[in-house]
1. Between a residue in the stretch 202-224 that is within 17 Å of residue 236 (Cβ to Cβ) and not assigned by TED's automatic domain parsing to the domain that holds residue 237 and any residue that is modelled with pLDDT under 95 and loosely packed, with under 13 Cβ neighbours inside 10 Å, which pairs come within a Cβ distance under 7 Å, given they are 6 or more apart or on different chains?
2. I'm checking my understanding of the structure. Among residues of the stretch 304-321 that are in contact with a helix residue (DSSP H, G or I) (Cβ under 7 Å, 6 or more places away or on another chain) and not in a helix (DSSP H, G or I), which one is nearest to residue 169 (Cα to Cα)?
3. Kindly state which helices (runs of 4 or more DSSP H) lie completely within the stretch 195-271 and contain at least 3 residues that are within 25 Å of residue 311 (Cβ to Cβ).
4. Conditions first: (1) touching a residue at least 40 places away in the same chain (Cβ under 8 Å); (2) assigned to a helix (DSSP H, G or I). Residue 349 passes all but one, so which condition is the exception?
5. Closer than 16 Å to residue 208 by Cα and modelled with pLDDT under 95: which single residue out of 231, 252 fits that description?
6. Within the stretch 283-298, can you find the residues that are within 16 Å of residue 182 (Cα to Cα), touching a residue at least 60 places away in the same chain (Cβ under 8 Å) and assigned to a helix (DSSP H, G or I)?
């Protein structure tokens, strides 16, 4: 079965076509400046292999859809309902799903939701102290995101270490323009930093992280701002961009600015690494110990300086970085000494493979 896995941006479409269950990549590509997803779909189909199904790394549709599902009208309605919680992500995927429906009718579409992996979180880790009606009627709870990445990292870390997942206590740090950390105990997500929406947790490039909601209400009352205006600011001008004043909040730009003497940029990086260190310690406590920490994502995989900053001061947990391994080498590797009590890994994630696996499992059962 040839499964197309598109990874969607606001104006870009990256994709892979995988032969499943062989997990062989038949083709991959990237389209830039996408204005019409129907045209993008036509371009993919014109130049590549037969497509038997399309699998999306969907983001949010509430408690009922914490899994992998064939796309239908009811699922699209649920994604629209949770559009305010993930306005950028859900809008892109809703547009794309409808474009694929129109362009390749009859080809099954599958949504593998980012929240699926975190459905194993215990209730004491997922429940908010909000009025009961919020939870029961509107689904307000911690969902967690980046599920495909964290699932892959859990599997890959166990493979690289030669240790069964069932006995591995791992902290997975997906650090990039969008960042989250997950505590994976025995292959199961038991806690994660993102919550009801992808907004919470660590500071992201331009989206705020954890924030006292009363600060938002305070600013709305003082300035008379609408919900849309506050959402625009917090999603586009918050996070590392808001901390540093560097537009876009890209860590590479922040590192350059900090090296040039920008104190706000330096502080933004310090805030970010502090959040990572604090979370690693908290998740070690949540799991009753720690066997490994894995860094992935654009920052986690590729920035030796940031990995070192995130690990500094965690020696009391048994974490020890091998600076030669950390600074040099490429590919999936251990960046701690062989005898380190807690292994530290730098890994490339593969969300598309996880999405294809989940979609194949659903379609095979359906057929």
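The values are calculated or read from the model by the stated rules, or taken from the named source; none is laboratory data. All of these numbers come straight from a predicted model, not from anything done at the bench. Reconstructed Cβ throughout: ideal geometry from the backbone, glycine too, with neighbour counts over all protein chains shown.
1. Going by the 7 Å Cβ cut-off, there are no qualifying pairs.
2. 319
3. Answer list for the stretch 195-271: 239-244, 251-259.
4. Looking at each condition in turn, residue 349 falls short on (2).
5. 231
6. 283, 284, 286, 287, 297
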